[in-house]
Amino acid sequence: MLEAATARTAMHPGGFDLDLRAEPGRTIGLLGASGGGLTRLGLSLLAEPSQRAPVAVVDVRGWLSPLAAFEAGIDPERLVIVRSAERQQWPQVVAALLEGLQAVYAEVPVGVPEAHLRRLSALARARRGTLLLRPLDSRLPSGVSHLTLQSERVVWEGAESGHGRLLRRHLHMRVWGKGIGGTERLFEVEDDGENAMRVVAGVVASPAGRAAG
C-alpha cells in the first residue's frame with residue numbers, strides 16, 4: 001500500500017537524503033529523456049556544495065547556459081563549466097575534475113565504456129567527492145550509482161490548449177538504489193523557476209524488483 005508523505009524540501013524527498021554532505025564519495029545517476037528536468041535538478045544539487053568550494057559541470061551537448069546554473073543557486077564565483085563532447089577524452093576530463101573538486105555534474109556521451117564509468121565511481125569514493133552522472137542514452141551499468149533518480153513524467157501548469165503563461169513544472173520522479181536500502185520511492189518535485197525545487201508530494205513504494213544501482 002502506498003503511503004503519502006508530507007511536503008519536504010527538494011533535498012529530502014520521501015524520507016531519503018539528497019544533501020550531498022551526508023553522502024560523500026557517492027555517485028548519483030540521473031536518468032531520463034531531454035526535457036525531463038534532470039539538468040535543473042543536477043544543477044540544484046550542486047548549489048549547496050558551491051557555497052563552500054568550487055563545483056564543476058561537464059557539458060557534452062554544448063548548450064548549458066551559465067545563467068541556468070546561477071538561477072539554480074550555484075555560486076557564480078565557484079562554477080567551472082567544461083565543454084567535452086569527445087567520447088575518448090571525456091573519462092580523463094571527469095577524472096581530472098574529481099581529483100581537485102568535491103562535486104561534479106557530468107553529462108555522459110553515448111558509448112562511454114562501462115569500465116570507465118566504474119573507474120570514475122571508484123575515484124569519487126576514494127576522493128570522497130560526489131559524482132552526478134547524466135547519461136545521454138538514459139542508461140548506467142548496474143552498481144555504478146549509489147542512488148538513481150529517473151524522470152518519469154513532466155506536467156506543465158499555467159498553459160491550456162497552447163495558450164497562456166507557464167507557471168510551474170511538476171516533475172514525477174522515481175528513485176532507487178543502495179542509498180535508500182533497496183526500496184523504490186516515487187515523488188513529485190515542483191519547479192516554478194526559483195532557486196528552490198520543492199517536493200510537493202511523495203509516496204513510499206514496495207521494495208524494488210530491479211537491481212540496486
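Read-outs throughout are calculated quantities, based only on the coordinates presented, and are distinct from any laboratory measurement. Fair warning: this is a prediction, and the values are worked out from it, not measured in the lab. Cβ: placed from backbone, ideal geometry, glycine included. Neighbour counts: every protein chain shown.
If I take R0 = 22 Å and measure r between the Cβ atoms of Arg52 and Gln92 in this structure, what FRET efficiency does the formula 1/(1 + (r/R0)^6) give, to the nearest 0.05? With R0 = 22 Å, the Cβ-Cβ based efficiency is 0.25. Backbone amide hydrogens, once placed in the peptide plane, bring Gly182 within less than 5 Å of Gly177, excluding anything fewer than 5 places away on its chain.
What FRET efficiency would be calculated for the residue pair Phe70, Val155, taking the C-beta separation as r and a Förster radius of 25 Å, to the nearest 0.05? Efficiency at R0 = 25 Å is approximately 0.45.
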